[in-house]
1. Which one of E102, E37 is under 14 Å from the mean Cα position of the chain (by Cα), modelled with pLDDT of 90 or more and closer than 25 Å to I200 by Cβ?
2. Run down T52, T60, T46 and say which single residue is hydroxyl-bearing (S, T, Y) and free of Cβ contacts under 8 Å to residues at least 60 places away in the same chain.
3. If you go through segment 33-73 one residue at a time, how many are touching a strand residue (DSSP E or B) at 6+ places or on another chain (Cβ under 7 Å) and of a type in the set (D, E, K, R)?
4. Output the number of the condition that L114 fails; it satisfies all remaining conditions of (1) of a type outside the set (G, A, S); (2) loosely packed, with under 14 Cβ neighbours inside 10 Å; (3) in contact with a strand residue (DSSP E or B) (Cβ under 8 Å, 6 or more places away or on another chain); (4) at pLDDT below 95.
5. Can you tell me which residue within segment 172-207, out of those that are outside any helix (DSSP H, G or I) and at pLDDT below 75, is surrounded by the fewest Cβ atoms within 10 Å (Cβ to Cβ)?
6. Please verify whether T162 is under 16 Å from the mean Cα position of the chain (by Cα), assigned to a helix (DSSP H, G or I) and either of a type in the set (A, V, I, L, M, F, W, C) or modelled with pLDDT under 90 (or both), treating the condition exactly as stated.
7. What do you reckon, is A149 closer than 21 Å to T52 by Cα, of a type in the set (A, V, I, L, M, F, W, C), more than 14 Å from the chain's Cα centre (by Cα) and modelled with pLDDT under 90?
8. Does any residue in segment 193-207 that is under 18 Å from T162 (Cβ atoms) come within less than 6 Å, Cβ to Cβ, of a residue that is among the small types (G, A, S) six or more places away or on a different chain, and which pairs are these?
Amino acid sequence: FKREGIEIPFPIRNVYMRQAHDPKSPEAITVKVRKLEQVDFLAPLTEEERQTLAREMYETIYTRGETILKQGAGNDKLYLIDSGRVRIEYRPPSGGAKLLAELGPLDFFGEHTLLTGEPVSATVCALEDTELSVLSRESFQHFLKPNPAIVDQISRILAERTAQRAKVFETDAAEMEKRKTEKDLSAETERIKAGLRTRILKFFGLG
């Protein structure tokens, strides 16, 4: 209800003192651009490209306990947390659940499935009422198609993060105890980058 702006008709009165604002105003766009500057894989974008994305960004709210993304489902959005907190939990085939992270303001999620079209790898739930800024896959198509070379930079940044987090998904105890050398990690990152680049290009029809 809250996300749709609908109030439950209890016998109380809610009074909101809120200044109306235009989401497309120069001031609002500047705020959104600053948010996008916190997203590491968007670092290769120019200021003009970030402004273009900012104009297509919108806000939404999820209430405490509500599922935002479900493991195994599809996703076509990038979520940036404005306020509140979310829990990211992975459920391996062997059963149980693993807490991957708890994220708060200035964090983001959904980028991998947004760019590759692959199923969501972990469930994301709101730990409290959470306000999010959202970008759709269509928004990314606008700057990826004329600039396919930027996919190399995006793939590298995502690959580095994926390689660092990969051990969280390991289900074999012996594998988790292995300590990779810096050279091994670098090779793994390059392998992941190449795979990501291929999937992103294919998914967006660029390769």
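1. Working: E102 fails: closer than 25 Å to I200 by Cβ.
The match here is E37.
2. Details: T52 fails: free of Cβ contacts under 8 Å to residues at least 60 places away in the same chain; T60 fails: free of Cβ contacts under 8 Å to residues at least 60 places away in the same chain.
Testing whether each residue is hydroxyl-bearing (S, T, Y) and free of Cβ contacts under 8 Å to residues at least 60 places away in the same chain leaves just T46.
3. Let us first name the residues in segment 33-73 that are touching a strand residue (DSSP E or B) at 6+ places or on another chain (Cβ under 7 Å), namely 35, 39, 53, 56-71.
After this cut, where a residue has to be of a type in the set (D, E, K, R) as well, the list is 35, 56, 59, 64, 66, 70.
Matching residues across segment 33-73 total 6.
4. (2)
5. Here is the first cut: in segment 172-207, the residues outside any helix (DSSP H, G or I) are 172, 178-181, 204-207.
Next cut, at pLDDT below 75 only: 172, 178-181, 207.
Values: D172: 8, K178: 10, R179: 5, K180: 13, T181: 8, G207: 12.
Residue satisfying both the conditions and the ranking: R179.
6. On the way: under 16 Å from the mean Cα position of the chain (by Cα): yes; assigned to a helix (DSSP H, G or I): yes; either of a type in the set (A, V, I, L, M, F, W, C) or modelled with pLDDT under 90 (or both): yes.
Against the criterion (under 16 Å from the mean Cα position of the chain (by Cα), assigned to a helix (DSSP H, G or I) and either of a type in the set (A, V, I, L, M, F, W, C) or modelled with pLDDT under 90 (or both)), T162 qualifies.
7. Values: closer than 21 Å to T52 by Cα: yes; of a type in the set (A, V, I, L, M, F, W, C): yes; more than 14 Å from the chain's Cα centre (by Cα): yes; modelled with pLDDT under 90: yes.
Judged against the criteria, A149 is a match.
8. K193/S155; K193/A159; L196/S155; L196/A159; R197/S155; L201/G207; F203/G117
The values are calculated or read from the model by the stated rules, or taken from the named source; none is laboratory data. Fair warning: this is a prediction, and the values are worked out from it, not measured in the lab. No Cβ is skipped: glycine too gets one built from the backbone with ideal geometry, and neighbour counts run over all protein chains shown.
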